[in-house]
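Report on one structure; see the data block that follows.
The values are calculated or read from the model by the stated rules, or taken from the named source; none is laboratory data. Keep in mind it's a predicted model, so treat the numbers as computed, not measured. Every residue, glycine as well, gets a Cβ built from its backbone with ideal geometry; the counts of neighbours run over all protein chains shown. Ligands, DNA and RNA are excluded from the accessible area calculation, which covers all protein heavy atoms including side chains. Shrake-Rupley method; radii C 1.70, N 1.55, O 1.52, S 1.80 Å.
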Amino acid sequence: MKHKSYEMIIKYLFLILMSAMVLFPILWMLSTSVKPAQEILTGRPHWIPQHFTLEAYHNLFTLYPFKDYFISSLIVSVGATGIAVLFSLLASYGMTRFQFTGKGTFLTYLLVTQMFPSIMLLIPAYKILTTYHLSNTYIGLILMLTSLTVPFCSWLMKGYMESISLELDESAMIDGCPRLRILFQIVSPLALPGIAATAIYAFIQTWNEYMFTYILISSEYKKTLPVGIGQLNGYYRTEWNEMMAACFISALPVVIAFIFLQKYFIASLTAGAVKE
């Protein structure tokens, strides 16, 4: 019994240490965001602000088009996430329900696309979007980010879709139910954890995207949060409290979404681990 109690103590201490390592940067970022600039640049930094102020948050929405950055990020991320989830749902259903020539090659191709850095697509993407007059538009950026997230989202959904019994499809087909109705009314409700996990992944990827947004969007009011935060880094001086306030606001939507959907995310990752 004592041996087991020692093991539990060691495990909890290890978890506490890991949690502290994860939370420390976030808490320091929050602490810095509510400090005046003079206090940040002192030789002996304080963990707890000596002079609490929300000036950095006020400056973000008065001196910079931060609200436009936030709205742009929401439009792009929600749009790309919705399309990616729909396409990955259709692709995963087809991969798990149908047998067709080249299926193995197709699955391998989806996986191989993740082996190459996305920067290789930057010049071709810019050329294509410019040709079709989609550069510097939300639609062009959404389509580009969707193409980057769909391959892995399809694999993620496929793992969960395989855990749903084929007998449900067969029973519905006997009753005359068409394939699309089976997918959206029978299979999709059962695949909700997988859909939620796919949505979390796609949202995080598109919300944090910097490179393609920086190149494809030239309008100041269409830029997303990562690009807008990068512009806060001045040439001669950086207001670190404003930078940390912007980073904290940018991280909130992702953290909130993950908190409420984490159980679905974990369920999707473990689905299919045990076969009947």
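Which of the residues belonging to region 74-116 are among the small types (Gly, Ala, Ser) and part of a helix (DSSP H, G or I)?
Those that are among the small types (Gly, Ala, Ser) and part of a helix (DSSP H, G or I): Ser77, Gly79, Ala80, Gly82, Ala84, Ser88, Ala91, Ser92, Gly94, Gly104.
Going by the conditions given, is Leu143 under 19 Å from the mean Cα position of the chain (by Cα), closer than 22 Å to Tyr201 by Cβ and not polar (S, T, N, Q)?
It is true that Leu143 is under 19 Å from the mean Cα position of the chain (by Cα), closer than 22 Å to Tyr201 by Cβ and not polar (S, T, N, Q).
Going through region 215-245 one residue at a time, which ones are among the basic types (Lys, Arg) and at pLDDT 90 or above?
Answer for region 215-245, where residues must be among the basic types (Lys, Arg) and at pLDDT 90 or above: Lys222, Lys223.
In this structure, is Phe212 at pLDDT 85 or above, within 24 Å of Val112 (Cα to Cα) and part of a helix (DSSP H, G or I)?
Here the answer is yes, as Phe212 does meet what is asked.
Quick test for you: out of Ala20, Ala37, pick the one residue that is out of contact with any helix residue (DSSP H, G or I) (no Cβ under 9 Å at 6 or more places or on another chain) and either open to solvent by less than 80 Å² (accessible area, probe 1.4 Å) or modelled with pLDDT of 85 or more (or both).
Ala20
Within region 88-105, work out how many residues are surrounded by fewer than 18 Cβ atoms within 10 Å (Cβ to Cβ) and of a type in the set (A, V, I, L, M, F, W, C).
The qualifying residues number 3.
Determine the pairs where a residue that is open to solvent by less than 10 Å² (accessible area, probe 1.4 Å), located within region 198-213, has a partner that is of a type in the set (D, E, K, R) with Cβ atoms under 7 Å apart, the partner being 6 or more residues away or on another chain.
Within 7 Å, the pairs are Thr213/Lys223.
Kindly indicate the residue of region 118-140 that is open to solvent by 90 Å² or more (accessible area, probe 1.4 Å) and among the aliphatic types (A, V, I, L, M) and also nearest to Phe203 (Cα to Cα) among those meeting that condition.
Ile139
Between a residue in region 112-127 that is within 15 Å of Phe212 (Cβ to Cβ) and any residue that is open to solvent by less than 80 Å² (accessible area, probe 1.4 Å) and among the β-branched types (Val, Ile, Thr), which pairs come within a Cβ distance under 8 Å, given they are 6 or more apart or on different chains?
What qualifies is Leu122/Ile215; Tyr126/Ile215.
Return the residues of region 215-243 that are free of Cβ contacts under 8 Å to residues at least 40 places away in the same chain, open to solvent by less than 40 Å² (accessible area, probe 1.4 Å) and in a loop (DSSP other than H, G, I, E, B); say none if nothing qualifies.
Answer for region 215-243, where residues must be free of Cβ contacts under 8 Å to residues at least 40 places away in the same chain, open to solvent by less than 40 Å² (accessible area, probe 1.4 Å) and in a loop (DSSP other than H, G, I, E, B): just Gly234.
Looking at region 51-68, which of the residues that are in contact with a Ser or Thr (Cβ under 9 Å, 6 or more places away or on another chain) and not hydroxyl-bearing (Ser, Thr, Tyr) is most open to solvent (accessible area, probe 1.4 Å)?
Per the criteria, the residue is Leu54.
If the requirement is being open to solvent by 50 Å² or more (accessible area, probe 1.4 Å), of a type outside the set (A, V, I, L, M) and part of a helix (DSSP H, G or I), which of these qualifies: Pro151, Pro193, Pro189?
Pro189
Could you pull out the residue among Ile9, Ile26 that is over 19 Å from Gly228 (Cβ atoms), open to solvent by less than 80 Å² (accessible area, probe 1.4 Å) and part of a helix (DSSP H, G or I)?
Just a single option satisfies the conditions, and that option is Ile26.
Starting from residues that are part of a helix (DSSP H, G or I) and β-branched (Val, Ile, Thr), keep the ones in region 117-141 and report whichever is modelled with the highest pLDDT.
Only one residue tops the list, namely Ile139.
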